[in-house]
Every structure is written in C-alpha cells, then in structure tokens.
Amino acid sequence: MSKALVASVCALFLCVQVNAQEAILHAFGPSAENEYCIVFNSSWTPLPPSLDNATQYQLVNLTSSVLCHQTDLPPAGLNGKAVVVMRGNCSFEEKALIAQSSGARAILIASKTSLTTPSANNTDKRINILVALVRYKDVLNMQEAFKDSISVKLYAPPAALFDYSILVILFISVFTLALGGYWSGAAEQQEINLAVQGGRKKAESSDEIQFTPLKVVIFVLGMCGILVLLYFFYKWLVYVMIAMFCIASAMAVYGCLAALVQMIPCGRCSFSFRDKTVEIRFFFLAAFCIAVSVLWAVYRNEDRWIWILQDMLGIAFCLNFMRVLKISSFKICVILLSLLLVYDVFFVFITPFFTKNGESIMVQVAAGPGATGEKRGGNMVEVPAEPTVPYEKLPIVMRVPRLSSPTQYLCGMEFSLLGYGDIIVPGLLVAYCHRFDVWNNNSTKIYYISCTIAYGVGMIVTLVVMVLSKMGQPALLYLVPCTLVTSALVAWRRKEMKRFWAGTIYEVLDSSNEPLIQDGGESCDHIQ
C-alpha cells in the first residue's frame, strides 16, 4: 500500500504540468530559422503546446505604427496573417481588436521595455486572436535575418509542475548537512582521544565558537538587523557581502581540504615566514583556495556556469561553519532554532504587509532586486527587453537552474534557491547530536542518524509545499520541528533527556579511552 502511495505521488509531480506565461516564437524564412522569447497570458489567449500543433502565419511588419486607430492598418488588410506593432499609446486589447477587425490571426506587440504578462479586463471575451509581447530587438533581428519574407509559429511548451532542480537542491542540502554533522562528531572523537592519551581534560579548540543563550539572542538580533540593512541599502552592502564571502569561502575550502592534503606524502618541506614555518603543500593549498575564490568573484554574474562553483564554495562554507560553531547542549539548540524559525517566518510571510511592492524582505534580499524567475509564483512574469548589466546577487544561497523550463535560454535563466541558513541552522543540531553520540559511545550513532533522516523528511515536505503552492517557503518552518522533535523523542525513548538537554563534559580518569560522562548542570566546568 505504501509503495503504491509513493508511486502515485511521484507520478503526480512528474506528470502534472502548468501553463507557462513564456512561450516561443519560431520564425523562419526561405533558408534560415530561429526562435525567440515571447510573453503571453495563458488565461487570455492560449497557445498550442508544440511546434507541430502551431499554425503558420505570414508576418506583417507594422512596427512603424502603434496600431491604435483603424487608419494604421495597411490597405490590403491582414487577412489570415500575423502582425507585429509597437507597444504604447493604447491598451493591448485595443490593438488586438483593431488587428482582429482586419482579419489578423495573431498580433505581436514589440516592446523596448521589459516584457510583462499582458493583463486584461472583461473585453477579453471579444478577442479571439493570439496576443503576445516580443522584444523589439528580436523583431530587428528577424528583419535582418529573413528580410521581408518572414513566417512565424507561436507555441507554449508546457512546463512541468515538478522541476528536477528540486532533486539537486535536496541532494545538496542533505549531503552537506550529513557530512558536516559527521565531520563535527569525528573531530570531537579525535580531540577526546588525544586528550585521553595525554591524560588531561579535553580542551576547547582555538578556532571553535561556543554559544550561550545570551549569544544566541544577540546573534539572531544581529541577523535581523543585517537583513533589514540589506533590504534598504542593497546596492552598497551587496559588495561588502561579496567581499566577505570571498574571504570566508577561501578559508572554508582551505579548512575542508587541509585534512586531505595532510595525507599527501610529498611537499613536506617548509620555509619560514615571519617566525612561522609553512609547509610547501599548505602554501600551494592556500594559493589554490584564494584563486578559486577570486575566480568566483570575477565571473560571479556568468549565470550559465558560475552557479556550479558558487554551490561548491557554499558547501565548503556550510561544512566549515558547522565545524567551527559548536552548540554545547540541546537547550541552546532549542533556543537558537526556535528564534530562527520565528525570524524566517516573519521575514517571509509577515514583511510583505509592510513593503511597498508586497514582496517579502527575505525573498527580495536572497534573490536580488533584479531577479524575476527566482521570485515569481508562476502567474506573472517579466522578461528584460534588452541585455542589461547583470545585477549583483548575494552569495548566500545554493542556486540550481530549473532543468525543466522549456524557455530557459530564450527568456533568461531561472533558478531554484536554498539559503545557506536552511542547511547550517539544522546542521548545528545534527552536529550536536553526533557529538553527543561520541560522548556516550553510541556505536549506532542513533542521534546523528535520526536527526539527519528527520532533516531529509523536513526538506521533502518543504519542497512539496513549495511545488503545490507555487511560492517560496521558509524552510525552517518545516525543518526545525522535524529535527527538534525527532531528537527529543530519541532522547526521551533512551531515557537520556536530562543529559541531552544539559550537554556533556569530559574528564580523563585513567589511561583508557573511556571519557567520564557527567550531567552538565551538576558541574562548574560545563562547556558553554
């Protein structure tokens, strides 16, 4: 029964299709053909779903007029033809009705500004011809390529409700979280073993950051302030964030690869620099990490391929963040994740009531002020009329191109987004769970595995809701309850809730590898 249900849900996502607002204009002449992006209103003038089903029309170029009066029509009429006119001076409906009265079967409205989905009122019922907007520069391109002999077909390939980029986002998020949590626990085990061998109490690493309740509150308030500042001063602060990301990502890649380079037998010779000894292999590693970061900075607006490098840097950033920032108790986890849940929901669902354009502050900042495909809900679209200077985007999200978009390269690339915080925040809890497994010598890693699975389930729920609602979701709304409740249930079932809630400390008793486990609330040495 369960297998049949899963198969049914998968079939629903894979087979259900939605009407796109972007379509394709297939133009051809005696010896050449080309395709261009057009924008239409699917509820107003539906287009056929494929090129084979589309009707061929001869195109009449009337871009010398705006077709707002009958006198703008050619004397021979437009019987059975498509016509292209300039945008402006009157409404789309008026242009369409005039063209229709002359026998036209389709009207293209050339625009020098952004192509927005045509809106219509009750007069739409009188219009029975195809209406779409096209870039004026594309009309000029058709004139140059096909001269005066232009035939066109208009069609709108249906876009799948489920895009495979969502699966890539799911894999990246779960993989990064699982690896980060595992790395944190493995590093903890190594430090304990070294402390035991040296017969001393485990010491905090110099590059680790420990959270207290006060630090959690300050951290969340700081995030709120930064987000608001980015919303109002985006065009200046975005460069500060880009510079910070370059530095942080270079350090993160170095931290992730240093453990692997340590196992390389060659390059062990070293040199001195300012009273410090540096091995050749780590010098070249640092140079490589800086070069990768600089490469991203230089080509950060090359959407067709730079997203791969950005996601790789993002994975390294998240992994290093989970390793460096450690939470010492479940109590701190509950406070941090609960506050960030409220933060996420507020800036996604509540702030649209206060912004001028009705857009949430979170989405506006994450996608950037120039984004359209990342922010839209599937009903209204906007396509730039001319190639524009790429807008700067904050490097705080995983970006994967929408693989099922039929007009991806004609109308502009669209991306599925996932914020780093949606990986790091639950990842801190997963890392704590794995360290708790280490503290208690749980060979099954029950806390770590359970919390990782709970995160995967939460991500699936998030993506399902996003697909069905056709709008971005605050992922922490689903991830935080899934991970916190699952971890608490495991601790309660194993009768370890008191220790899991308060955290654990270590002291070496003898030369064995068994750490002494104490309740954090009963010792003045409790790690904060």
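Here are a few things to note about the model shown:
- Charged neighbours of Thr444, selected by a Cβ distance under 11 Å, balance to +1 (K, R count +1; D, E count -1).
- Packing-based ranking, highest mean first, of 91-99, 297-305, 55-63, 227-235 given that Cβ atoms within 10 Å are counted: 91-99, 55-63, 227-235, 297-305
- What the Cβ-Cβ distance of Lys147 and Val457 gives, at R0 = 56 Å and to the nearest 0.05, is a FRET efficiency of 0.40.
- Considered as an equivalent ellipsoid built on the Cα gyration tensor, segment 20-158 has semi-axes of 20, 18, 14 Å, the largest given first.
- Out-of-range pairs (alpha-carbon distance over 24 Å; input Lys356/Lys393; Lys215/Lys326; Lys326/Lys498; Lys215/Lys276; Lys137/Lys356): Lys215/Lys276; Lys137/Lys356
- Listed peptides 137-143, 339-345, 21-27, 276-282 appear in the order 21-27, 339-345, 137-143, 276-282 once ranked by packing, highest mean of other Cβ atoms within 10 Å at the front.
- Whole-Å distance, taken between Cα centres, linking segment 280-305 and segment 216-257: 19 Å
- Ranking of Thr452, Thr116 by neighbouring Cβ atoms within 10 Å, starting from the fewest: Thr116, Thr452.
- Applying 1/(1 + (r/R0)^6) with r as the Cβ-Cβ distance of Met413 and Gln197 and R0 = 51 angstrom yields a FRET efficiency of 0.45.
Just so you know, all these numbers are worked out from the coordinates, no wet-lab data involved. Not measured: the values here are computed from a predicted model. We place every Cβ from the backbone using ideal geometry, glycine too, and count neighbours over all the protein chains shown.
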